[in-house]
Amino acid sequence: MSFPELANAYPRISARVGQLVDLNVDFLHAGVLADPYAIRYVEIYKTQVLPHNKVAVIPILDPDDVNYPAPVFQEYTMTEEGACGTEPTGPISMVPGKYHLPFTVPSDFASPDVYFDVWYYYPTNPCESITGCDLDSSENAAKLLKCCHRFWVYPDEWLCSDKLQTIRFGFEPLDQKFFTPEFRPLEVGLMPLPLYDYNFNLVNPMIPFLQPTINVRTQHNELLISDEPCRIGIRQGSYRSNPWVIQYDLDTTRFLKGTYSYNIKLTLPDGTSRVSRQFIFTIQ
C-alpha cells in the first residue's frame, strides 16, 4: 500500500483498540472499478447495524474541495523513478474505485467484538444541471447509496509465552484448479490442532495477528514466488471451530499453463514459525 498513514495500520480482520485500522473499500460499477461522484460519510456500528448501536460518524469533505475525499484516501500508483534515483518521470496515477479510511479505534470501544462500517455515497451528481442545488438536502439524501462492511476489534494486549504448550496448526488446501486469465484468491484452511480440542483461550486471540507468506515453485523446483505476503480471512459456511483461511490473490497471468507447488509459512507473534507441506495448483 502506498500511503504512509496506513503503513502500520491493522487490516479489517485484526483491528486493535487504540490502534489504526485500514477500512478498505472497492467501488465497482457493472463489475469494473469506478469512482462514485461523492462519498459523503461513514457510520460505525457495534455488533449490529441498528440506530442505538451507532458509535461514530466520519464526515467526508465536499467533492469540490481540493482535499476531497479526506479523511478517506484514494489508492494511487507511483511512476517509475528517473535515472539514478532522480524524480519520477510522470504524474501520480489514481486507481479508480479503491479507497481506504484510516480509522483509529477509540480506547473505549468494547472488545473483542465485530463492528460495521457503512459507507454512504452518491454514484452520480444529483445536482448536475440544477441551479442552487444543495448536495445534502433531504431530497438528495434519499438518493444516497450505501455499502456495509465488517471489521473485528480486539484488545490491544501483550501476548505472553511460557513455552509450556506448543501451538500447532493444520493446513487444508481449498483451491486447486485455476483457469487463465483468472485473478482470484487461493485459499488454504487454517486449523488449530488438535481439532475441536485445542486451547481456545491461548490460540484464538493470536490467529488474526499471524503473518502468513507463500512460496510457489515449478514442477522442477524452480522458485517463482518467495515469501510474498498473504492475509488471514474468514471461511464461507458454518465452521465454528476453524473459520480461518489464509488468502493469496493469485494472478494467473503471471504463470504459464501447468502445475505448480506451493507452501505456506506462518510467523507467530512470539517469533516462531510454522510451515505447511507442499500443495499443488494447476492453471489451465
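Just so you know, all these numbers are worked out from the coordinates, no wet-lab data involved. Note that the structure is predicted; figures quoted are calculated from it, not measured. FYI the Cβ positions are ideal-geometry reconstructions off the backbone, even for glycines, and counts take in every protein chain you see.
Observations on the model:
- Calculated mean residue ellipticity at 222 nm for the chain: -500 deg cm²/dmol, from DSSP H runs with n ≥ 4 weighted as -39500 (n - 2.57), summed, divided by the residue count and rounded to 500.
- In the chain, lysine pairs closer than 26 Å at Cα, eight or more apart or cross-chain: 13
- Magnitude of the charge dipole for the stretch 4-154, about its Cα centre and with charges confined to Cβ atoms of Lys, Arg (+1) and Asp, Glu (-1), is about 720 debye.
- Peptides 33-45, 167-179, 61-73, ordered by how many other C-beta atoms sit within 10 Å of their residues on average, highest first, read 33-45, 167-179, 61-73.
- Alpha carbon centroid spacing (whole Å) that separates the stretch 91-108 from the stretch 192-211: 30
- Computed about its Cα centre, the charge dipole of the chain is approximately 1340 debye, with only Lys, Arg, Asp and Glu carrying charge at their Cβ.
- Computed lengthening from Arg168 to Arg277, 0.36 nm per intervening residue step minus Cα-Cα distance: 37.9 nm
- Residue (of Cys230, Leu193, Pro212) at the positive-pole extreme of the stretch 168-283, dipole from beta-carbon charges: Leu193
- Cleavage-rule hits (trypsin sites (Lys or Arg not before Pro)) in the stretch 244-274: DSSP loop, at most 13 neighbouring Cβ within 10 angstrom: Lys257
- Cα gyration tensor shape for the stretch 168-283, rounded if a/c is under 1.5, else prolate or oblate: prolate
- Taking label points 7 Å from Cα along the Cα-to-Cβ direction, Asp136 and Gln48 give a separation of 3.0 nm.
- Debye equation applied to the C-alpha atoms of the stretch 4-154, log10 I(q)/I(0) at 0.14 Å⁻¹: -0.78
- Label point of Asp227 set 7 angstrom out along Cα-Cβ; within the stretch 250-275, amide nitrogens under 19 Å from it belong to 262-275.
- Rounded to whole Å, the principal axis extents of the Cα atoms in the chain read 67, 49, 40, largest first.
- Given charges at beta-carbon only (K, R positive; D, E negative), |dipole| of the stretch 157-211 in Debye: 100
- Placing a label point 7 Å from the Cα of Asp64 along the Cα-to-Cβ line, the residues of the stretch 97-134 whose backbone N sits under 16 Å from it are 125-134.
- Computed over the chain: relative contact order in percent, which uses C-alpha pairs under 8 Å that are six or more apart: 16
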